[in-house]
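Asker: This is the structure I have questions about; it appears just below.
The values are calculated or read from the model by the stated rules, or taken from the named source; none is laboratory data. What you are looking at is a predicted structure, and each value in this text was computed from that prediction instead of being measured. Note that each Cβ is placed from the backbone with ideal geometry, even for glycine, and that neighbours are counted across all protein chains shown.
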Amino acid sequence: MQNELTQKIKSELWSKFSTKNFPSEWDGRNPDNKDYCGGKLSQRFWEYFKAIELLDLDQNSVVLDIGGGSPDTGSGAFALLLSKYIKKIIVMDPNLGEMKGSTDNIKLVKKNANREELKKLFSANPDITHIVSVSVFEHIEPSLRMEIVEAINDFKGNVFVVTLEYHPKKNFWNYQLTTKTVSELFKKLTTFYLSEFHSSPTLCEGAFVSHKDFHRYKFLPRAIRKVIDKFLYHEIPGWYPVILKFERSFERKV
């Protein structure tokens, strides 16, 4: 059963999402901008909603949010949401700008996450209890995200929650995660175990790829292309979001 604090944070997420004072990607506020399609029950809403649930925070929680700044707004919507309910949140992202509504318990680290920076951050903030990263890993080149996971393996807290955009076998853009690459990435976590693994009930409106975008389609005979255009569904999902929760292994609890 969800604790009372989790329920309160979810309630505030529902009331704030898609409003002007809570700018977030895919929040439905600007239908002409593909980065703001969706709305109350969009993919991004689900990512926040499920992350809140799996983090299972309390008033003494100290959260590190990796990549929690928006390149479009410069703000960190998720951090602003959590800050009201927990002891402290640290946001690590070079895209951070002015955080309107920011409180004293939000600490901004305007740097890219990597092994060295995370090591310094953990050393300076040994009170971090949780790490969260929402839709970041699929935009990081493989060697760097491997560094991040290896650094998290040395993290002394107990919970790491991550959402990412995924396709089982195909890359529709650079760095997209697949079964193979996500497995290679997270097998580096030896001091943690996977406790929950879910996929979203909805997809981002921008997640669909037309059959006309496929290389082979362009080289098919015209007659076959006409049949495909007429009878087959013109768009397929190019990716969907998943969320993973890792908890400290029982034999390694500190």
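Asker: Count, please, the residues in region 58-91 that happen to be part of a loop (DSSP other than H, G, I, E, B) and surrounded by fewer than 22 Cβ atoms within 10 Å (Cβ to Cβ). Don't jump to the end; show me each part of the working.
Answerer: Kept after step one, since they are part of a loop (DSSP other than H, G, I, E, B), are these residues of region 58-91: 58-61, 67-76, 84-87.
Filter again for surrounded by fewer than 22 Cβ atoms within 10 Å (Cβ to Cβ), leaving 58-61, 70-74, 84-87.
Count: 13.
Asker: Taking region 93-133 as the region of interest, how many residues are outside any loop (DSSP other than H, G, I, E, B), out of contact with any helix residue (DSSP H, G or I) (no Cβ under 7 Å at 6 or more places or on another chain) and within 19 Å of THR163 (Cα to Cα)? Before the answer, list the steps.
Answerer: Initially, region 93-133 is screened for residues outside any loop (DSSP other than H, G, I, E, B), giving 106-109, 115-124, 130-133.
Retained after the next criterion (residues that are out of contact with any helix residue (DSSP H, G or I) (no Cβ under 7 Å at 6 or more places or on another chain)): 107-108, 116-117, 120-124, 133.
Of the ones still in play, those that are also within 19 Å of THR163 (Cα to Cα) are 133.
Summing the residues that are outside any loop (DSSP other than H, G, I, E, B), out of contact with any helix residue (DSSP H, G or I) (no Cβ under 7 Å at 6 or more places or on another chain) and within 19 Å of THR163 (Cα to Cα) in region 93-133 gives 1.
Asker: I'm trying to understand the selection: among the residues of region 144-200, which are over 16 Å from the mean Cα position of the chain (by Cα), in a strand (DSSP E or B) and not small (Gly, Ala, Ser)?
Answerer: Of everything in region 144-200, those that are over 16 Å from the mean Cα position of the chain (by Cα), in a strand (DSSP E or B) and not small (Gly, Ala, Ser) turn out to be PHE192, TYR193, LEU194.
Asker: Report yes if some residue within region 23-37 is more than 30 Å from GLU147 (Cα to Cα) and modelled with pLDDT of 85 or more; otherwise report no.
Answerer: no
Asker: With without any contact (Cβ under 8 Å) to a residue 40 or more places away in the chain and touching a strand residue (DSSP E or B) at 6+ places or on another chain (Cβ under 6 Å) as the only criterion, which of ALA151, ALA113, ALA79 stands out? Give the derivation first.
Answerer: Working: ALA151 fails: touching a strand residue (DSSP E or B) at 6+ places or on another chain (Cβ under 6 Å); ALA113 fails: without any contact (Cβ under 8 Å) to a residue 40 or more places away in the chain.
Within the list ALA151, ALA113, ALA79, the selection yields ALA79.
Asker: Within region 2-20, restricting attention to residues that are of a type outside the set (Gly, Ala, Ser) and without any contact (Cβ under 8 Å) to a residue 12 or more places away in the chain, which residue is farthest from LYS50 (Cα to Cα)? Give the derivation first.
Answerer: Within region 2-20, the subset of a type outside the set (Gly, Ala, Ser) is 2-10, 12-14, 16-17, 19-20.
Keeping just the survivors that are without any contact (Cβ under 8 Å) to a residue 12 or more places away in the chain gives 4, 7, 19-20.
Numbers: GLU4: 15, GLN7: 12, THR19: 20, LYS20: 22 Å.
Selected residue: LYS20.
Asker: What is the residue count in region 130-152 for residues that are exposed (fewer than 15 other Cβ atoms within 10 Å of the Cβ) and polar (S, T, N, Q)?
Answerer: Here the count works out to 1.
Asker: What do you reckon, is PHE49 in the same structural domain as LEU118 (by TED's automatic domain parsing), under 25 Å from GLU4 (Cα atoms) and either surrounded by fewer than 22 Cβ atoms within 10 Å (Cβ to Cβ) or acidic (Asp, Glu) (or both)? Please lay out each step first, then the result.
Answerer: On the way: in the same structural domain as LEU118 (by TED's automatic domain parsing): yes; under 25 Å from GLU4 (Cα atoms): yes; either surrounded by fewer than 22 Cβ atoms within 10 Å (Cβ to Cβ) or acidic (Asp, Glu) (or both): yes.
So PHE49 passes the test.
Asker: Among the residues of region 195-221, write down those that are farther than 27 Å from SER135 by Cα and at pLDDT 80 or above.
Answerer: Listed by number, the list holds a single entry, PRO221.
Asker: Search region 112-129 for residues being surrounded by 14 or more Cβ atoms within 10 Å (Cβ to Cβ) and polar (S, T, N, Q), and hand back the single one that is farthest from the chain's Cα centre (by Cα).
Answerer: Per the criteria, the residue is ASN125.
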